[in-house]
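Trainee: Handing you this structure, nothing more for now.
The values are calculated or read from the model by the stated rules, or taken from the named source; none is laboratory data. Just so we're clear, the structure is a prediction, and the values are computed from it rather than from any experiment. Neighbour counts run over all protein chains shown; Cβ positions are idealised from the backbone, glycine included. Note: accessible area is taken over every heavy atom of the protein model, side chains too, but ligands, DNA and RNA are not part of it. Shrake-Rupley method; radii C 1.70, N 1.55, O 1.52, S 1.80 Å.
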Amino acid sequence: MTVGRDVAQALISAHGSPLYVYEAAVLRARARRLRRSIGRDGVRWFFAAKANGNREILKVLREEGWGVDAVSIGEVLAARTAGFTPAEITYNGNNVTDDELRAVAAEGVHISVDGLPQLRRVAALGLAPTVGLRLNPDVGAGHHHHVITGGPDAKFGAAPEELDEALSIARDAGIVIDGLQQHIGSGILDTDPWLAAVDVMLRHAERLPDLAFVDFGGGFGVPYRPEEHPFDVDAFGAAVTPRLDAFEKRVGRAIEWRFEPGRYPVCESGTLLVTVTAVKRTSRHLFVGVDSGMNHLIRPALYDAWHPIFNLSRPDAPTSVVRVAGQICESGDLLAVDRELPTPQEGDILAIGNAGAYGFAMASTYNLRPRPAEVMIDDDGATRVIRRRETIADLLG
Ligand code: LLP
């Protein structure tokens with residue numbers, strides 16, 4: 001999904017380039033689709049705000065009945081200012097400081113600890129009567145090895161063998177471990193690894209005497225390349241539901257089932273609009289230089305991620321194979337490598353799709369270049385700036 005040519009041109013005239021643009025209708029549609037996938041009571045959806053922490057995005061998801069999954073005090077406060085109550089926010093930070101744990105607890109937000117060291121610290125600080133525990137289910141999956149967060153190489157969670165020790169640390173400190181949490185990785189397009197992790201989790205969850213919730217994390221993938229298939233949300237829902245039903249029957253009570261997707265609801269709602277600033281042929285390549293780059297969308301450079309790109313200004317021009325390069329002084333600053341595009345010319349507007357998740361959220365001010373503005377297109381087609389463009393003065397302050 002990307003915005004069309006006329007809308008893009010009007011937005012750039014009004015707000016400048018480059019520009020992050022979000023479509024509320026797409027965000028709502030994806031959020032609803034996930035919620036519909038599991039048609040039973042006791043399921044709660046928390047948006048992983050790390051994918052996009054813009055307060056106005058969070059507000060739309062709040063209207064759609066979602067909570068927020070935060071991993072920092074910053075994300076907790078973003079959710080609070082977007083109107084979420086403490087009970088609508090989950091927190092699971094890793095390698096965090098005592099100060100952060102204190103601040104999260106002071107906000108009244110429930111904490112899931114990342115492993116035994118953090119559990120011991122929460123206990124020593126006397127911060128909370130109940131905590132969740134993140135488990136590494138020894139199953140990992142994801143679109144790139146950087147984003148596989150379960151399995152033997154992951155830094156996250158406690159090992160299942162540590163569960164008894166965790167329970168005894170908690171008991172000694174008068175804390176109740178009321179839930180288990182996991183996240184096996186990101187950008188998962190097949191339901192199989194997901195379901196395998198659900199099964200492992202449910203096996204261990206039975207060992208918790210005071211289990212109130214199980215949080216399966218996020219990871220629902222979105223297709224970026226045309227040949228990729230979407231995550232089969234309905235098949236997933238159909239496969240998970242009987243597992244949850246059977247678990248509740250076994251333990252004889254209702255459990256709260258939580259999911260924390262970040263990418264799925266927001267990814268396809270976002271487009272990064274950029275403007276061509278130079279077209280240069282070298283001995284090997286045709287470089288299309290744009291007024292953005294890895295500072296605004298780092299995913300291609302960091303993960304070799306492929307984002308759809310459209311030349312909105314001349315969609316019907318004869319094509320060339322090009323490298324879309326940014327303004328950053330690194331050769332790795334490529335938004336697309338050897339991509340066939342209607343041959344761009346200076347001044348053309350390119351739309352980079354699937355930029356709503358981990359786009360602005362991972363943007364930096366590298367090379368002292370300000371970050372773009374963000375604009376929301378509301379359900380009625382009206383547009384509004386939801387984050388002003390950063391200025392150089394902001395960076396020098
Ligand atoms: N819950 C936890 C504990 C997580 O660590 C993550 C993502 C999520 C939920 C949400 O995962 P999602 O549904 O978005 O896959 N920057 C990378 C993705 C890193 C995700 C890290 N954790 C990218 O651009 O692909």
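Trainee: Run the reach check for residue 50 against lysines, Cα to Cα strictly under 16 Å, same-chain hits fewer than 8 apart removed. What comes back?
Mentor: 59
Trainee: Please list, in order along the range 346-359, the HN-Hα scalar couplings obtained from phi with the Karplus expression 6.51 cos²θ - 1.76 cosθ + 1.60 (θ = phi - 60°), rounded to whole Hz, x for Gly and Pro.
Mentor: In residue order, the calculated couplings are 3, x, 5, 9, 9, 10, 9, x, 6, 9, x, 10, 6, x Hz.
Trainee: For a Förster distance of 30 Å, can you work out the FRET efficiency between the beta-carbons of residue 212 and residue 63, rounded to the nearest 0.05?
Mentor: The formula returns an efficiency of 0.70 here.
Trainee: Looking at the chain as a GNM with Cα springs under 10 Å, which of 354, 136, 95 has the largest mean-square fluctuation?
Mentor: Ranking 354, 136, 95 by mean-square fluctuation puts 95 first.
Trainee: Mind jotting down the distance between the C-alpha centroids of the range 248-275 and the range 77-150, whole Å?
Mentor: So the separation of the two Cα centres works out to 17 Å.
Trainee: Of the candidates 57, 328, 177, which one comes out as most mobile in a Gaussian network treatment of the chain with C-alpha springs shorter than 10 Å?
Mentor: Checking each option, the largest mean-square fluctuation is seen for 328.
Trainee: Based on the alpha carbon coordinates of the range 250-376, what radius of gyration and maximum Cα-Cα distance (Dmax) apply, in Å?
Mentor: Considering the range 250-376 through its Cα atoms, Rg and Dmax are 17.8, 70 Å.
Trainee: If you add up the charges near residue 361, with Lys and Arg at +1 and Asp and Glu at -1, over every other residue whose beta carbon is less than 11 angstrom from its beta carbon, what do you get? Show your work: numbers first, answer last.
Mentor: Details: positive: 50, 263, 299, 371; negative: 75, 374.
Counting the neighbours of residue 361, the net charge comes to +2.
Trainee: Still on this structure, I have one more. Can you give the Kirkwood hydrodynamic radius for the range 1-94, in Å, rounded to one decimal and based on Cα pairs? Working shown, then result.
Mentor: Values: mean 1/r = 0.0680 Å⁻¹.
Kirkwood hydrodynamic radius for the range 1-94: 14.7 Å.
Trainee: Moving on to the next point. Could you state the principal axis extents of the C-alpha atoms in the chain, from the largest down, to the nearest angstrom?
Mentor: Answer, in whole Å and largest first: 67, 47, 44 Å.
Trainee: Taking the solvent-accessible surface of protein heavy atoms with a 1.4 Å probe, what is the per residue accessible area of the range 297-364 in Å²? Spell out each step's value before the answer.
Mentor: Values: 2650 Å² over 68 residues.
Roughly 39 Å² per residue, with all protein chains present.
Trainee: Something else now. So what's the gap between the Cα centers of the range 344-397 and the range 27-41, to the nearest angstrom?
Mentor: One Cα centre to the other: 28 Å.
Trainee: Counting only residues 5 or more places away or on other chains, whose amide H sits under 5 Å from the amide H of residue 373 once H atoms are built in the peptide plane?
Mentor: Placed amide hydrogens put 20, 389, 390 under 5 Å from residue 373.
Trainee: Take the chain, connect every pair of alpha-carbon atoms lying under 10 Å apart with a spring to form a Gaussian network, then pick out the residue of 229, 110, 307 with the largest mean-square fluctuation.
Mentor: 229
Trainee: Right, next: About the Cα centre, and with charges only on the beta carbon of Lys, Arg (+1) and Asp, Glu (-1), how big is the dipole of the range 1-152? Nearest 20 debye, please.
Mentor: 440
Trainee: Right, next: Magnitude of the Cβ-charge dipole of the chain, K/R +1 and D/E -1, about the Cα centre, nearest 20 debye? Don't skip to the end; give the middle numbers.
Mentor: Values: 42 positive and 52 negative charges, 123 e Å.
Rounded to the nearest 20 debye, it is 600 debye.
Trainee: In the chain, what percent of the accessible surface is made up of carbon and sulfur (1.4 Å probe, ligands and nucleic acids excluded)?
Mentor: Carbon and sulfur atoms account for 49 percent of the accessible area of the chain.
Trainee: What share of the DSSP beta bridges in the chain is antiparallel, in percent to the nearest 5? Before the final figure, lay out the partial values.
Mentor: Values: 27 of 61 bridges.
Restricted to the chain, the bridges split so that about 45 percent are antiparallel.
Trainee: Work through the residues other than residue 34 whose Cβ is under 13 Å from its Cβ and net out their charges, Lys, Arg +1 and Asp, Glu -1. Kindly include the intermediate steps, with their values, before the conclusion.
Mentor: On the way: positive: 28, 30, 32, 33, 35, 36, 44, 258, 263; negative: 64, 232, 234, 260, 268.
Value of the local net charge: +4.
Trainee: Ok, one more. Over the range 24-266, calculate the relative contact order: mean separation of alpha carbon pairs under 8 Å at least 6 apart, over the residue count, as a percent.
Mentor: 22
Trainee: Hey, can you find the accessible area per residue of the range 162-210 for me, probe 1.4 Å, expressed in square angstrom? Please list the in-between numbers first.
Mentor: On the way: 1920 Å² over 49 residues.
Here the residues of the range 162-210 average 39 Å² of exposed surface.
Trainee: Loop-only GluC sites (Glu not before Pro) in the range 197-305, please: DSSP not H, G, I, E or B, and at most 14 other Cβ atoms within 10 Å.
Mentor: 206, 227, 228
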